[in-house]
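Report on the following structure.
What follows draws every value from the coordinates through simple rules; no lab data is involved. Note that the structure is predicted; figures quoted are calculated from it, not measured. Using ideal geometry, Cβ is built from the backbone for each residue, glycine included, and neighbour counts are taken over all protein chains shown.
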Amino acid sequence: MRMGPGDALLVVDVQRDFLPGGALAVADGNAVVPVLNRYIERARKAAMPVYASRDWHPANHCSFRPRGGPWPPHCVRDTAGAEFAPLLALPADATIVSKATREDADAYSAFGGTTLATMLRGRGVKRLLVGGLATDYCVLNTVRDALQEGFEVALLTDAIRAVDVKPGDGARAEREMREAGAASVQLSDFAP
Ligand SMILES: [Zn+2]
């Protein structure tokens with residue numbers, strides 16, 4: 001398999017609050033960073049566009065427990081917790097996709113309330129390579145929407161980690177994404 005024209009890389013929500021020590025830490029979340037850096041390097045060599053989504057919440061976001069939501073406050077815009085992982089080597093020309101930016105709507109998907117689909121079509125993208133955090137929430141919902149929008153999806157199984165609120169959530173999410181039409185791939189599946 002090759003990376004090339006028609007492909008884009010999407011890095012989902014690799015932000016400090018989702019890493020160990022963060023407000024909503026994903027176990028082993030740090031492990032995706034060096035792998036994603038290798039995908040980024042390969043994407044750049046293949047002249048592919050790189051997109052990075054981020055949770056970018058107002059301080060009183062509806063998904064936060066003080067407002068009756070399921071999560072502790074996390075990824076409040078313009079705070080350290082919302083920053084991308086310090087070691088994530090996003091290229092200077094990566095397109096940042098901010099989501100769930102309004103108080104009263106949440107968005108697990110990078111397509112939710114954003115212009116991502118339009119941007120991808122505008123650049124002739126046919127296939128999206130997707131990795132990041134977390135497998136069972138934002139990656140799952142992003143992949144669902146990408147497929148619904150008519151993009152092919154390659155799920156980067158070596159560059160995702162799950163929250164696993166219930167044990168097995170991550171594995172179930174991966175199965176659902178495959179059944180919906182995503183291809184499960186890892187770095188070694190791509191020709192150098
Ligand atoms: Zn959030």
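Observations
- Only one entry of Ala146, Ala100, Ala92, Ala171 meets the criterion of being surrounded by fewer than 24 Cβ atoms within 10 Å (Cβ to Cβ), closer than 18 Å to Leu10 by Cβ and among the hydrophobic types (A, V, I, L, M, F, W, C), and that entry is Ala92.
- Unmet criterion (only one of (1) under 16 Å from the mean Cα position of the chain (by Cα); (2) within 14 Å of the ligand (Cβ to nearest atom); (3) within 24 Å of Leu9 (Cβ to Cβ)) for Arg77: (1)
- Subset of the range 1-47 that is in a helix (DSSP H, G or I) and under 13 Å from the mean Cα position of the chain (by Cα) - its residue that is nearest to the ligand (Cβ to nearest atom): Phe18
- A single entry from Ala117, Ala107 fulfils the requirement of being among the hydrophobic types (A, V, I, L, M, F, W, C), within 11 Å of the ligand (Cβ to nearest atom) and surrounded by 14 or more Cβ atoms within 10 Å (Cβ to Cβ): Ala107.
- Number of positions in the range 48-74 that are away from the ligand (no atom under 13 Å from the Cβ) and in a helix (DSSP H, G or I): 1
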